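The values are calculated or read from the model by the stated rules, or taken from the named source; none is laboratory data. Not measured: the values here are computed from a predicted model. In this analysis, Cβ positions are derived from the backbone assuming ideal geometry, glycine residues included, and neighbour counts consider all displayed protein chains. Heavy atoms of the whole protein, side chains included, go into the accessibility calculation; ligands, DNA and RNA do not. Shrake-Rupley method; radii C 1.70, N 1.55, O 1.52, S 1.80 Å.
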Amino acid sequence: MINEVIKKNGITYGAMIGIASALITATIYAVDLNLFTAWWMGLIGLAISLTLSIVLLSKTKKDLKGIYTFKEAFTTYFIAAVIGILISTLFNILLFNVIDPGAKDTLNELIIKYTAGMMQKFGSPASVINETIAKMKETNPYSTVELLKGSVFAIVISSIFGLIFAAFFKSKTTQE
């Protein structure tokens with residue numbers, strides 16, 4: 001059975017993370033689709049998510065009066081991460097597949113151009129660049145299937161962060 005504090009905080013902060021992610025995506029969409037290829041925008045999103053996660057774990061540890069096992073810390077983080085990822089993914093599916101399906105095609109072209117430019121900067125051979133572009137044209141990262149695949153990958157990566165955070169936020173043992 002999951003502690004009610006852990007469940008409540010995980011759900012609350014998960015919703016906050018998901019809503020923040022959706023707001024960032026909506027803002028980028030409204031301002032300029034080219035921002036989706038800006039590496040620093042990804043860092044901003046990651047920083048917001050990690051900050052909310054640290055606040056979540058600190059608050060939950062405080063709510064539990066400092067007695068916070070590794071499992072409880074990981075569970076708190078995992079609940080929040082999964083809820084945040086699911087909200088973000090649902091928003092992206094709605095935006096790019098229901099509200100404005102044309103935007104996903106535009107974004108795919110922008111990503112292909114960005115990737116080709118980066119590969120040229122790093123001196124990749126033309127044959128490798130052409131092969132990569134051909135493969136990228138076969139799929140669209142903003143299709144429903146690809147967004148769902150991405151959410152699974154995001155949950156796995158988040159779990160790794162969760163293990164690190166849980167190790168850091170767990171209560172220190174008093175045994176020597």
- Task: Six or more apart or on different chains, Cβ under 6 Å: which pairs go from a residue in segment 39-54 that's within 17 Å of A81 (Cα to Cα) to one that's in a helix (DSSP H, G or I) and open to solvent by 70 Å² or more (accessible area, probe 1.4 Å)? Could you list them?
- Result: L52/M16
- Query: Which of the residues belonging to segment 135-153 are open to solvent by less than 30 Å² (accessible area, probe 1.4 Å) and among the aliphatic types (A, V, I, L, M)?
  - Reply: L147
- Query: Scanning for something under 18 Å from V152 (Cβ atoms) and modelled with pLDDT under 95, does segment 25-36 turn up at least one residue?
  - Reply: no
- Looking only at segment 125-170, and only at residues there that are in a helix (DSSP H, G or I) and of a type in the set (D, E, K, R), the one that is farthest from I79 (Cα to Cα): E131
- Just wondering, is there one or more residues in segment 25-38 that are among the hydroxyl-bearing types (S, T, Y), free of Cβ contacts under 8 Å to residues at least 60 places away in the same chain, open to solvent by 50 Å² or more (accessible area, probe 1.4 Å) and closer than 26 Å to Y142 by Cβ? yes
- Note on the structure: Filtering segment 57-78 down to residues that are among the β-branched types (V, I, T) and either open to solvent by less than 30 Å² (accessible area, probe 1.4 Å) or out of contact with any helix residue (DSSP H, G or I) (no Cβ under 7 Å at 6 or more places or on another chain) (or both) yields T60, I67, T69, T76
- Message: From the list I99, I87, I111, exactly one residue is touching a Gly at 6+ places or on another chain (Cβ under 7 Å) and open to solvent by 30 Å² or more (accessible area, probe 1.4 Å). Which is it?
- Response: I87
- Query: When you look at I93, is it of a type outside the set (F, W, Y), closer than 30 Å to Y142 by Cβ and touching a residue at least 12 places away in the same chain (Cβ under 8 Å), yes or no?
  - Reply: yes
